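**Student:** Below is the structure I would like to discuss, written out as structure tokens.
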Amino acid sequence: MTTLPIYLFGNIELKTVAKKVVKLYPDDLQFIKNMFETMKNSNGIGLAANQVGVLKQILVIDISEHEDGEGVKPFVIINPVVKKQQGSWVMEEGCLSIPGIRADVERAEKISIKYLDELFNEHHKTFSGLLARVILHEIDHLNGILFIEHLTSKKRKELRSELINIKKGEVKINYSVVVSKQKLE
Ligand SMILES: [Zn+2]
């Protein structure tokens, strides 16, 4: 297994909508294993393919180390479609692509989604609490949306200088990253 570098805020891949997976090739299965390895290595609880520069609708989840995730096995979600969202709650979120920044985000408390697993079997499942939140955060990634886009413009202004530092790659982290090649605004 290989650990993949994580694309930092500023990379265009994080602002791009990922494509549906039509067929899974052996390379894709290896890629999914690498995604799990990468998430583990960076202590993440979720990782979307965009975050490692691959524009496919694949995300991995592992909340087993979290206090709310005891007994929940890590799993992969391919081509997710949100069918229903209910309730709302606020929790502080962070993101491996935006290290060092944490902020309260309001999301649905309960979601029903349709998705495929690594064998391309279709599932219709309902998730709530932390799992629902992580899944929605990662589905946002597949749609080119970052959690900071859920914040008020006032809050985003407060984070501006920190975001610029991340764009420049001036962050202290213990996992390998890809820094944006884009010019700073
Ligand atoms: Zn994220």
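**Student:** Which numbered condition in (1) more than 30 Å from E70 (Cβ to Cβ); (2) in contact (Cβ under 8 Å) with a residue 24 or more places away in the chain is the only one that L136 fails?
**Tutor:** Of the numbered conditions (1) more than 30 Å from E70 (Cβ to Cβ); (2) in contact (Cβ under 8 Å) with a residue 24 or more places away in the chain, the odd one out for L136 is (1).
**Student:** Limited to the stretch 118-132, what total is found for residues that are under 23 Å from S42 (Cβ atoms) and away from the ligand (no atom under 16 Å from the Cβ)?
**Tutor:** 3
**Student:** Also, I was wondering about something else. Looking only at strands (runs of 3 or more DSSP E) that fall completely inside the stretch 16-94, which ones have 2 or more residues that are within 16 Å of the ligand (Cβ to nearest atom), open to solvent by 40 Å² or more (accessible area, probe 1.4 Å) and under 15 Å from L136 (Cβ atoms)?
**Tutor:** Once the strands (runs of 3 or more DSSP E) in the stretch 16-94 are filtered for at least 2 residues that are within 16 Å of the ligand (Cβ to nearest atom), open to solvent by 40 Å² or more (accessible area, probe 1.4 Å) and under 15 Å from L136 (Cβ atoms), what remains is 89-93.
Yes or no, residue by residue, for (1) within 16 Å of the ligand (Cβ to nearest atom); (2) more than 27 Å from L4 (Cα to Cα):
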position	(1), (2)
I98	yes, no
R107	yes, yes
L116	no, no
V134	yes, no
H141	yes, no
I166	yes, no
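The values are calculated or read from the model by the stated rules, or taken from the named source; none is laboratory data. Being a predicted model, the structure only gives us computed values, none of them experimental. Here the Cβ is made from the backbone with ideal geometry for all residues, glycine too, and neighbour counts use every protein chain on show. Protein only, heavy atoms only, side chains kept; ligands, DNA and RNA dropped before computing areas. Shrake-Rupley method; radii C 1.70, N 1.55, O 1.52, S 1.80 Å.
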